[in-house]
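Data first, discussion second: the structure below is written as structure tokens.
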Amino acid sequence: MIFTDPKYAETRNKSPKQIFESNGTCGDEIYRHPHFIKHLRYFINGPDLPEAVINGFCKILNDDAGTSGEILDQLHRFVRSCVREYGLDRDSAASNFFKLAIELEIDHDPYGIRTAAMSTR
């Protein structure tokens, strides 16, 4: 879904598969392309985030403490604190938090969660 559906694309316009195709790599050649490896790692391992981070993210959602806006604020604060505390690369963390939000099918805007990671100082 994240790889093929532009609805779930971080760029908001093209899925990773469509990006490969627009660059001239099509069909099975996509799976042989060196840039496909990061997607394969995600397919096998899921978001590349520490287990404690994933558990903390899920805990906020499971606790469901507050309105949807309050939960979203908690998620944003949590994401920013994790990027700092664990020394995560902002770009990579943003992508992985975005994927985690999509996987968990949360009602909250995954783009906002991605932006929270990107805005960490």
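Sort out which residues of the range 1-45 are out of contact with any Pro (no Cβ under 7 Å at 6 or more places or on another chain) and among the aromatic types (Phe, Trp, Tyr), and write them in order of number.
Tyr8, Phe20, Tyr31, Phe36, Tyr42, Phe43
Which residues, taken from the range 5-34, are in contact (Cβ under 8 Å) with a residue 40 or more places away in the chain and either outside any loop (DSSP other than H, G, I, E, B) or at positive phi (or both)? Reasoning before the result, please.
Narrowing the range 5-34 to residues in contact (Cβ under 8 Å) with a residue 40 or more places away in the chain: 8, 10, 12.
Correct list: Tyr8, Arg12.
Residue-wise test of (1) over 17 Å from Ile60 (Cα atoms); (2) among the aliphatic types (A, V, I, L, M).
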{"position": "Arg80", "(1), (2)": "no, no"}
{"position": "Leu88", "(1), (2)": "yes, yes"}
{"position": "Ala94", "(1), (2)": "yes, yes"}
{"position": "Ala101", "(1), (2)": "no, yes"}
{"position": "Asp109", "(1), (2)": "no, no"}
{"position": "Thr115", "(1), (2)": "yes, no"}
{"position": "Met118", "(1), (2)": "yes, yes"}
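Being of a type in the set (Asp, Glu) and in contact with a Ser or Thr (Cβ under 8 Å, 6 or more places away or on another chain) is the filter here, so list the residues in the range 1-60 that pass it.
Within the range 1-60, the first condition is being of a type in the set (Asp, Glu), and the residues that meet it are 5, 10, 21, 28-29, 48, 51.
Within the range 1-60, Asp5, Glu10, Asp48 meet the criteria.
Restricting to the range 93-116, give me the number of residues that are touching a residue at least 40 places away in the same chain (Cβ under 8 Å) and among the acidic types (Asp, Glu).
Adding up the residues that qualify gives 1.
Could you tell me how many of the residues in the range 69-92 are without any contact (Cβ under 8 Å) to a residue 12 or more places away in the chain and either crowded, with 17+ Cβ neighbours inside 10 Å or touching a Cys at 6+ places or on another chain (Cβ under 7 Å) (or both)?
Qualifying residue count, the range 69-92: 0.
Look at Ser95 and say whether it is among the hydroxyl-bearing types (Ser, Thr, Tyr) and under 15 Å from the mean Cα position of the chain (by Cα). Give the steps one after another, and end with the answer.
Values: among the hydroxyl-bearing types (Ser, Thr, Tyr): yes; under 15 Å from the mean Cα position of the chain (by Cα): yes.
Taking the combined requirement at face value, the residue satisfies it.
Test Arg80 against the criterion of being over 14 Å from Glu10 (Cβ atoms) and among the basic types (Lys, Arg), and give yes or no. Show your work before the answer.
Working: over 14 Å from Glu10 (Cβ atoms): yes; among the basic types (Lys, Arg): yes.
Taking the combined requirement at face value, the residue satisfies it.
Filtering the range 93-121 down to residues that are of a type in the set (Gly, Ala, Ser) and over 19 Å from Met1 (Cα atoms), which residue is surrounded by the most Cβ atoms within 10 Å (Cβ to Cβ)? Please lay out each step first, then the result.
Restricting attention to the range 93-121, the residues satisfying the condition of being of a type in the set (Gly, Ala, Ser) are 93-95, 101, 112, 116-117, 119.
Going one step further and asking which of them are over 19 Å from Met1 (Cα atoms), we end up with 93, 112, 116-117, 119.
On the way: Ala93: 25, Gly112: 14, Ala116: 23, Ala117: 23, Ser119: 13.
Residue satisfying both the conditions and the ranking: Ala93.
With Arg84, Arg77, Arg41 as the choices, which residue is under 14 Å from the mean Cα position of the chain (by Cα) and of a type in the set (Lys, Arg)? Before the answer, list the steps.
Details: Arg84 fails: under 14 Å from the mean Cα position of the chain (by Cα); Arg77 fails: under 14 Å from the mean Cα position of the chain (by Cα).
Residue meeting the stated conditions: Arg41.
FYI, it's all coordinate maths here, none of it is from the lab. Note that the coordinates shown come from a computational prediction; the quantities given were computed from them, not determined experimentally. Don't worry about glycine lacking a Cβ; one is built from the backbone with ideal geometry, like all the others, and counts go over all protein chains shown.
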